[in-house]
Amino acid sequence: MSSGMFRAATQGSRALRSATATPTIRAMLSSTTGRSARAVLQRTLRPTLTAAFHTTPLRLTSEAGSNPMKETPVITSENITVGGKTYPSDKYTNVTPTILEKTTRQLHLNPKHPVAIIKELIASGFPGFKHYDTFSPVVTTKENFDDLCFSDDHPGRAVTDTYYLNEKIMLRTHTSAHQLRVMTESDKILVTADVYRRDEIDASHYPVFHQMEGAQLFDAKTAVDVIRKDIAQSTSAASGSIHTTDTTLITPENPKQDCHDEAAMLATADHLKHSLNMMVRKLFSHEKDLQVRWIDAQFPFTSPSWEMEILYQGKWLEVLGCGVIRQDILVNAGKPDKIGWAFGLGLERLALVLFGIPDIRLFWSKDDRFLKQFEPGTIQKFKPFSKYPACIKDISFWSNDQFHENNFCEIVRDIAGDIVEDVQLIDEFTHPKTKKRSMCYRINYRSMDRNVTNDEINVLQEKLRDEVVNRMKVELR
Ligand code: PHE
């Protein structure tokens, strides 16, 4: 997102969707800027969006033990219990049972899961870093936004993009939410966690994914020498077939912070890029002719900022965002004399490429044919099990000013869960006389582990038609 949105860096570029989206929507979705602009438009939605309340307590699967995140989340009309704590709901509440169930899964803590395998491989390239991976996904808006210098009207705060338990409590949208806290404790840190973003639906987007945050701080006075020595010493596990392009420049659009000494900032930036180049070299050492590029980016909490992209199946895939940490954050962490870098990377993004996993929903599979394929410490290509046939259904309606695609997708997901593979806007027009906007969405239903019947999908589609009218006040055509 422009003006420092954090979404694109780690779950990936809208450009990735462009093969399937219609031209109109593609223009809006294909860049981080597009999403930002769209989110700005939708911010007006906030007061009118009401939560999907459940009047009776809703029980979800539980494996409660000593880990509070494994306790069963409960939603009532008055409050939400998750991770063993209860929060009052209000007009901002928009978490759903489907999403809360995900907080209990903690894929990154299952050593045989691809997300955890990648987590460990990356962490092994950062020796001496303190690694936190059990923070609760429930954070305050202060931690997720304010502490990281997000402006009050930043689009990332919109209820259309973020899951709120209530006005002040939310599911973290990025691991950066823990930066301030961990920086007070250490100068070399990693944080791995599940993060949550309301989103559209397709093979590379899912409302929950995993990030790893990394940060390293140096004494500002000695940074240049320390860093130069460190870079010279660190040997690269480079495979000759990785090509890295970096044409980024420090410009007024992506500036040095006034408070920083130029040499110290440049050294910090070099150390950051060097560390991340080494990281991908190590991860992708078996991949032939890997293309990696650095591009400029913007985040409220770093300046200058960059993203790293990897060329995958002919498209540039954004895998991480990073930059030189805003000095305000270091001051607030009680470390005004330090300078530092931070990055946040999307683990599924890397896992899709490394393991050759074709659909992001597979990470959530409980099917042994998926889970039994992986071993800690090794990357082996995923062997697809048969692809089951899709069942395609369209839904058309007259839209209204409050309509937001993320709200629509949330309803689809609530009703059909992981059986939805893809939701696309396939037609849109405005009636010349009435000026009403017509929209037609195509929903691609396909299970990853069984055949779906037309009858069962019809039931879901009927339910969807009812719910869309109830919750979004649109008029079916
Ligand atoms: N939090 C950012 C995101 O989720 C990534 C990031 C982390 C960028 C740290 C800069 C520094 O996209």
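What to note about this one:
- Going through (1) touching a residue at least 40 places away in the same chain (Cβ under 8 Å); (2) open to solvent by 70 Å² or more (accessible area, probe 1.4 Å) one by one, ASP449 falls short only on (2).
- Each residue in segment 311-328 was checked for being more than 10 Å from the ligand (Cβ to nearest atom) and open to solvent by less than 10 Å² (accessible area, probe 1.4 Å), and 2 of them qualify.
- Screening ASP147, ASP152, ASP199 for residues that are outside any strand (DSSP E or B), open to solvent by less than 10 Å² (accessible area, probe 1.4 Å) and away from the ligand (no atom under 12 Å from the Cβ) leaves exactly one candidate, ASP199.
- Any pair with Cβ under 6 angstrom, 6 or more apart, that starts in segment 323-350 at a residue that is closer than 21 Å to ALA193 by Cα and ends at one that is within 12 Å of the ligand (Cβ to nearest atom) and charged (D, E, K, R): GLY344/GLU213
- In segment 368-425, residue farthest from LEU109 (Cα to Cα) [restricted to those that are over 24 Å from the mean Cα position of the chain (by Cα) and in a helix (DSSP H, G or I)]: ARG369
Results for (1) within 26 Å of HIS113 (Cα to Cα); (2) assigned to a strand (DSSP E or B), shown as yes or no for each residue.
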position: HIS274; (1), (2): no, no
position: GLU287; (1), (2): yes, no
position: ASP296; (1), (2): no, yes
position: TRP316; (1), (2): yes, yes
position: GLY321; (1), (2): yes, yes
position: LEU330; (1), (2): no, no
position: PHE363; (1), (2): yes, no
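- Selection count where residues are open to solvent by 60 Å² or more (accessible area, probe 1.4 Å) and over 27 Å from the mean Cα position of the chain (by Cα), scope segment 459-477: 9
- Segment 369-395 residues that are touching a residue at least 12 places away in the same chain (Cβ under 8 Å), paired with ones that are open to solvent by less than 70 Å² (accessible area, probe 1.4 Å) and part of a strand (DSSP E or B) (beta carbon under 6 Å, 6 or more apart): ALA390/ASN444; CYS391/TYR445; ILE392/ASN444; LYS393/ILE443; ASP394/CYS440; ILE395/TYR441
- Residue match in segment 182-193 (condition: open to solvent by 30 Å² or more (accessible area, probe 1.4 Å), in contact with a helix residue (DSSP H, G or I) (Cβ under 7 Å, 6 or more places away or on another chain) and not in a strand (DSSP E or B)): no
- Looking across segment 68-98, the residues that are outside any loop (DSSP other than H, G, I, E, B), modelled with pLDDT under 95, surrounded by fewer than 22 Cβ atoms within 10 Å (Cβ to Cβ) and of a type in the set (Val, Ile, Thr) come down to VAL74, THR98.
- Picking from residues in segment 155-179 that are crowded, with 18+ Cβ neighbours inside 10 Å and farther than 20 Å from GLY346 by Cβ, the one that is farthest from the ligand (Cβ to nearest atom) is ASN166.
- Scanning segment 329-365 for residues that are more than 19 Å from ALA203 (Cβ to Cβ) and either out of contact with any Leu (no Cβ under 9 Å at 6 or more places or on another chain) or open to solvent by 50 Å² or more (accessible area, probe 1.4 Å) (or both) yields VAL331, ASN332, GLY334, PRO336, ASP337.
- Remark: pairs (first residue in segment 120-138, surrounded by fewer than 18 Cβ atoms within 10 Å (Cβ to Cβ); second residue aromatic (Phe, Trp, Tyr) and modelled with pLDDT of 95 or more; Cβ separation under 9 Å; 6+ apart in sequence or on different chains) = ALA123/PHE129.
- Taking the numbered list (1) away from the ligand (no atom under 13 Å from the Cβ); (2) open to solvent by 70 Å² or more (accessible area, probe 1.4 Å) in turn, THR244 passes all entries but (2).
- Of residues in segment 155-181 being assigned to a strand (DSSP E or B) and farther than 18 Å from GLN211 by Cα, the one nearest to the chain's Cα centre (by Cα): TYR164
- Complete set of residues in segment 267-308 that are over 23 Å from the mean Cα position of the chain (by Cα), away from the ligand (no atom under 16 Å from the Cβ) and open to solvent by less than 20 Å² (accessible area, probe 1.4 Å): ALA267, LEU290
- Counted residues, segment 147-161 - those being closer than 12 Å to GLN179 by Cβ and of a type outside the set (A, V, I, L, M): 2
- Verdict on LEU371 being crowded, with 19+ Cβ neighbours inside 10 Å and at negative phi: no
- Filter result for ILE443 (in contact (Cβ under 8 Å) with a residue 40 or more places away in the chain, part of a strand (DSSP E or B) and open to solvent by less than 10 Å² (accessible area, probe 1.4 Å)): yes
The values are calculated or read from the model by the stated rules, or taken from the named source; none is laboratory data. Note that the structure is predicted; figures quoted are calculated from it, not measured. Methodologically, a virtual Cβ is constructed for each residue, glycine included, from the backbone with ideal geometry; neighbour enumeration extends over all protein chains shown. In case anyone asks, the SASA skips ligands and DNA or RNA and just uses the protein heavy atoms, side chains included. Shrake-Rupley method; radii C 1.70, N 1.55, O 1.52, S 1.80 Å.
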